[in-house]
Amino acid sequence: MKKATLSKSETVSKRFTVNDQEVFRNLCGEKNSHLKLLEDKTGVSLNVRGNVITIQGYKWEIELAENVLIQLANLIRSNYQVYPSDIEYAIRILSDNPETDLKKVFKDEILISSKKKLIAPKSINQKRYIESIRRYDIVFGIGPAGTGKTYLAMAMAISLLIKKQIDRIILTRPAVEAGEKLGFLPGDIYEKVNPYLRPLYDALHDMLDFETASRLLEQGVIEVAPLAFMRGRTLNDAFVILDEAQNATHEQMKMFLTRLGFSSKAVITGDITQTDLPQGKVSGLQRAIEILKGIKGIEFVYFSKDDVVRHPLVQEIIEAYDAYEKKMEEREK
């Protein structure tokens, strides 16, 4: 039943009390910014007096808001710093899965030498993705941009490197010619393909300070290279990430998957709806899903627009484009 069909008499209120002032302060946010966000996203009305938050609204709205407040307060008590983005992620998760224990999701932290706060999953699928990478040697992360597929894989790789569970990290991407021919670009082959690899460098420098990242790159402990450079190699004791795999051909995907050596992991990420391959060329990622499904030891994790963890507008942009493309497809029928 929709909210608009209900009368004012059907709204109820509930009180939520937090005795610890530090917990209460972080829960409310600066100038109650967290509570304002919770009001905006759930439809409830929140009133603060002392250490008591009065929640007013429709029954299911109150249940959701109270669940969010209870679980975030528990997180804060476990020394977790809540940010505005966490409010949105909590609402998104608990709206679909009210029984979810947010502590098990948000506190599954990936330990790296980060300039920022610890990296942790922000959705159920991200949690599943991290667990799959820990458990399986080959994991496919498939879904739209902004869902953390590459970022979380890189965080896991750096964490394993720091723990000395692997000897090196290899980051690779297909160098697809999107509108420009590589042969016409200036410089040697590395300069020609570097623009295609820039997003991988960006993610790397977001997790490691510049000096550490530069040293590991110079020593070859971390290698960033186009997919074509993987041919003929055997990758032992390595964590290998193939990014933008939807732009790999069938032959390239087979080549990549057969490079994996002993004590290595491979994570393949991509969005099968966004291929830049020439018309008529089948995506190696799409073909791999068909060929490899059912093989024990290989795991597929699928993300959706609900897992987007970039700016909140990114999710709305994805939804708008999905609606537009669906409309265009229906017109063409």
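Rolling a 1.4 angstrom probe over the protein heavy atoms, how many square angstrom per residue are accessible across the chain?
Details: 18250 Å² over 333 residues.
Result: 55 Å² of accessible area for each residue.
Lys and Arg at +1, Asp and Glu at -1: add these up for the other residues within a Cβ distance under 13 Å of His34 and post the number. Can you show the working numbers first?
Numbers: positive: Arg25, Lys31, Lys36, Lys41; negative: Glu30, Glu39, Asp40, Asp86, Glu88.
Here the count lands on -1.
Among Lys122/Lys149; Lys149/Lys265; Lys254/Lys305, which pairs are too far apart, with a Cα-Cα distance over 18 Å? List each step's numbers first, then the result.
Working: Lys122/Lys149 12 Å; Lys149/Lys265 15 Å; Lys254/Lys305 28 Å.
Flagged as over cut-off: Lys254/Lys305.
Could you pull out the pairs from Lys36/Lys327; Lys281/Lys326; Lys127/Lys164; Lys31/Lys163 whose alpha carbons sit more than 31 Å apart here? Before the final figure, lay out the partial values.
Working: Lys36/Lys327 35 Å; Lys281/Lys326 22 Å; Lys127/Lys164 23 Å; Lys31/Lys163 41 Å.
Result: Lys36/Lys327; Lys31/Lys163 exceed 31 Å.
Whats the longest run of the chain with zero GluC sites (Glu not before Pro) that are DSSP loop and have at most 11 other Cβ atoms within 10 Å?
Values: sites that count: Glu99, Glu180.
By the stated rule (loop sites, at most 11 other Cβ atoms within 10 Å), 181-333.
At 0.36 nm per residue, minus the direct Cα-Cα distance, what do Arg77 and Leu118 gain on full extension? Give it in nm, one decimal, please. Let's see the in-between values first.
Values: separation 41, 0.36 × 41 = 14.76 nm, distance 1.67 nm.
Working it through step by step, the gained length comes to 13.1 nm.
Taking the 0 to 90 degree range and rounding to the nearest ten, how far is the long axis of helix 149-162 tilted relative to the main principal axis of the chain, both from C-alpha atoms?
80
Tilt of helix 33-42 relative to the longest C-alpha principal axis of the chain, in degrees (0 to 90, nearest 10)?
Around 90 degrees separate the two axes.
Tell me, what % of the accessible area of the chain is carbon and sulfur with a 1.4 angstrom probe? Kindly include the intermediate steps, with their values, before the conclusion.
Details: 9200 of 18250 Å².
Within the chain, the accessible surface is 50 percent carbon and sulfur.
To test your reading of the geometry: what angle, between 0 and 90 degrees and rounded to tens, separates the Cα axis of helix 84-96 from the longest principal axis of the chain?
80
Give a quick list of trypsin sites (Lys or Arg not before Pro) in the range 1-101 that DSSP marks as loop, anything other than H, G, I, E or B, with at most 16 other Cβ atoms within 10 Å.
On the way: sites: Lys2, Lys3, Lys8, Lys14, Arg15, Arg25, Lys31, Lys36, Lys41, Arg49, Lys59, Arg77, Arg92; in loops: Lys2.
Here the trypsin sites (Lys or Arg not before Pro) that fit, given the DSSP loop and packing criteria, are Lys2.
Using only DSSP helix segments of four residues or longer, with each worth -39500 (n - 2.57), what per-residue ellipticity at 222 nm results for the chain after dividing by its residue count and rounding to 500? All intermediate terms of the calculation are to be shown ahead of the outcome.
Values: 12 runs with 148 residues, N = 333.
Per the formula, -14000 deg cm²/dmol.
The values are calculated or read from the model by the stated rules, or taken from the named source; none is laboratory data. As the structure is a computational prediction, the values presented were derived from the model and not from experiment. Cβ sites come from the backbone with ideal geometry, for glycine too, and all protein chains shown count toward neighbours. Protein only, heavy atoms only, side chains kept; ligands, DNA and RNA dropped before computing areas. Shrake-Rupley method; radii C 1.70, N 1.55, O 1.52, S 1.80 Å.
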